[in-house]
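What follows is a single structure, written as structure tokens, with notes after it.
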Amino acid sequence: IFDSLHLLHEDARLVSKSRGNSWTRRLGSLLLQVSEQMSPLMVDFEDHYQRYLGGSRCVSTACMTPEISLEEKCRISSFGVAPCIMTWVDSMLQVDSIPVEEMNFGTAEYLKLVEFGLNGACATSWMTIRLLSTLLAKSTSPQHLRDRQIVMSMLDEGVYHHIQLQEELPMSISLILLEVIRRCRVDPPQIDSDFYWSCAAYDLVGRNDLAELLAQSLSADKKDSESSFSYEGSDSQGGEATPEDPDKDGLAALEDFSSMIFPDDNRIKEATRLLRSSRPLFLRVPRAVELTDHEYERSKQDKL
């Protein structure tokens with residue numbers, strides 16, 4: 001329970017709508033009180049929250065607990081060191097200028113969490129870790145290939161417009177991702193190449209002209225096929241995958257056709273992306289703290 005609350009508190013430090021809110025200070029104050037009760041076995045968490053809260057610590061009668069004897073004290077966290085999402089981001093940005101032992105302090109636990117993933121309550125932390133790990137990790141891959149991979153990962157995380165990055169993430173992180181979008185806007189994959197993007201990807205980087213040309217090209221190719229909109233002849237019944245429909249599900253034609261009629265409406269694109277079962281997909285719905293489980297499930301259904 002303590003670890004889950006700590007990760008939720010760290011995630012709230014990234015979400016623009018939660019940073020500085022009273023509930024985050026109350027949660028931090030509660031976790032600090034628990035850490036102090038288990039001191040010195042929880043001294044790393046105690047130091048972490050003291051530095052974060054400073055003089056804004058909230059005092060409540062709910063935090064007043066009887067003194068615990070030294071024999072009864074234990075470490076109630078499974079983390080070796082208190083994970084800090086801001087320390088992780090800082091270490092990624094300074095990966096070439098700080099010693100390895102300092103970089104691992106406070107970041108090693110997040111590296112372990114990446115292997116298993118984070119649940120929906122920490123969606124912002126998971127998105128940040130996933131995108132920055134791909135972009136800033138030491139790799140021999142060319143920069144433009146990593147940039148294009150970042151754009152596709154943004155679509156997987158439900159980011160369809162750059163304004164979402166500015167509204168949901170801290171400025172220091174959103175600027176890095178906006179620079180990736182700018183580079184891809186200048187040098188996007190050509191629509192006549194074997195590695196062209198989807199229309200949604202071109203829209204994300206601001207190349208609506210290429211998205212429209214791609215939609216027209218795919219629509220023309222579909223019209224030339226006798227079975228493009230036939231259920232009997234759809235690729236979902238079998239056959240080889242094509243560049244226009246790599247998933248063999250028959251949804252690519254519907255997506256391309258709708259983009260011609262409603263170029264500014266992404267709902268069909270989102271629906272086809274969620275309906276595809278040939279590859280893992282992500283449905284990211286931010287959860288406000290005050291939502292109950294029933295209300296959160298309802299919001300996911302509304303999003304779907």
Only listed residue being under 29 Å from D293 (Cα atoms), of a type in the set (S, T, Y) and modelled with pLDDT of 85 or more, chosen from T128, T61: T128
What pairs come up if the first residue lies in region 30-46 and is closer than 14 Å to E72 by Cα, the second is open to solvent by 30 Å² or more (accessible area, probe 1.4 Å) and part of a helix (DSSP H, G or I), and their beta carbons are under 7 Å apart, counting only those six or more places apart or on different chains? S35/E46; E36/E46; S39/E46
Might you let me know whether region 202-219 holds any residue that is modelled with pLDDT of 75 or more, over 30 Å from I176 (Cα atoms), in a helix (DSSP H, G or I) and open to solvent by 30 Å² or more (accessible area, probe 1.4 Å)? yes
If we only count helices (runs of 4 or more DSSP H) wholly inside region 241-304, which ones have 3 or more residues that are more than 19 Å from Y196 (Cα to Cα) and either at pLDDT below 75 or open to solvent by less than 80 Å² (accessible area, probe 1.4 Å) (or both)? 267-275, 293-303
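Quick grid of which residues meet (1) within 26 Å of A271 (Cα to Cα); (2) of a type in the set (S, T, N, Q); (3) open to solvent by 40 Å² or more (accessible area, probe 1.4 Å); (4) not in a loop (DSSP other than H, G, I, E, B):
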{"site": "D147", "(1), (2), (3), (4)": "yes, no, no, yes"}
{"site": "V151", "(1), (2), (3), (4)": "yes, no, no, yes"}
{"site": "M154", "(1), (2), (3), (4)": "yes, no, no, yes"}
{"site": "V159", "(1), (2), (3), (4)": "yes, no, no, no"}
{"site": "I163", "(1), (2), (3), (4)": "yes, no, yes, yes"}
{"site": "I173", "(1), (2), (3), (4)": "no, no, no, yes"}
{"site": "E179", "(1), (2), (3), (4)": "no, no, yes, yes"}
{"site": "R185", "(1), (2), (3), (4)": "yes, no, yes, yes"}
{"site": "Y196", "(1), (2), (3), (4)": "yes, no, yes, no"}
Is it fair to say V89 is over 26 Å from Q164 (Cα atoms), β-branched (V, I, T) and at pLDDT 80 or above? no
Taking region 1-38 and keeping residues polar (S, T, N, Q) and at pLDDT 80 or above leaves S4, T24, S29, Q33, S35, Q37
Out of everything in region 71-91 that is in a loop (DSSP other than H, G, I, E, B) and farther than 21 Å from A12 by Cα, what residue ends up being farthest from the chain's Cα centre (by Cα)? K73
Sole miss for T140 among (1) touching a residue at least 12 places away in the same chain (Cβ under 8 Å); (2) hydroxyl-bearing (S, T, Y); (3) open to solvent by 30 Å² or more (accessible area, probe 1.4 Å) is condition (1)
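The values are calculated or read from the model by the stated rules, or taken from the named source; none is laboratory data. Computed from a predicted structure; not experimentally measured. Cβ coordinates were reconstructed from backbone atoms using ideal geometry, including for glycine residues, and neighbour counts include every protein chain displayed. For the accessible areas, the whole protein counts, side chains as well, though only heavy atoms, and no ligand, DNA or RNA atoms are used. Shrake-Rupley method; radii C 1.70, N 1.55, O 1.52, S 1.80 Å.
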